[in-house]
Amino acid sequence: MDVKRVKDYLYWLYYQYQLVTCSYVLEPWEQSMFHTITVTVLAMVVYTAYVFVPIHVRLALEFFSQIFGPRPESAV
């Protein structure tokens, strides 16, 4: 890909982010605070999902394997 196209696409994504969050109407110091809080919350959500989702999936699989149990040898 062309570097200019990638740069334009990233600028377009940032512009869309500003439009959706209405952060373009904030003053510069308010924008920096808003972006800091947004990135922090997003990082915490990603970290929490990374740590806890696999544990819950494993526990759900164990739960359902206990409910349905192993198949009897004659049914296989």
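The values are calculated or read from the model by the stated rules, or taken from the named source; none is laboratory data. Because the structure is a prediction, the values reported are computed rather than measured. For neighbour counting, all protein chains shown are included, and Cβ atoms are generated from backbone atoms with ideal geometry for every residue, glycine included. Heavy atoms of the whole protein, side chains included, go into the accessibility calculation; ligands, DNA and RNA do not. Shrake-Rupley method; radii C 1.70, N 1.55, O 1.52, S 1.80 Å.
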query: Starting at 0 and stepping by 5 Å, how many percent of the alpha carbon pairs of the stretch 15-56 end up in each bin?
result: 5, 22, 19, 19, 11, 10, 8, 4, 1
- prompt: So, in Å, what gap is there between the alpha-carbon centers of the stretch 2-28 and the stretch 45-69?
  reply: 37
field: Nearest-10 value in Å² for the accessible area of MET33, using the 1.4 Å probe
entry: 110
task: Would you work out the charge dipole size for the stretch 3-65 about its Cα centre, treating the Cβ of every Lys and Arg as +1 and the Cβ of every Asp and Glu as -1, and quote it to the nearest 20 debye?
output: 300
- request: Measure off, as a whole percent, the carbon and sulfur share of the 1.4 Å-probe accessible area of the chain, all protein chains present.
  value: 72
query: Given that compact globular proteins tend to follow 2.2 N^0.38 Å, what is the ratio of the alpha-carbon Rg of the chain to that value?
result: 2.03
- request: Mind checking the per residue accessible area of the chain for me, 1.4 Å probe, whole number of Å²?
  value: 94
statement: Among THR21, PHE64, ALA43, the residue whose Cα sits farthest towards the positive end of the charge dipole of the chain (+1 at Cβ of Lys and Arg, -1 at Cβ of Asp and Glu, taken about the Cα centre) is PHE64
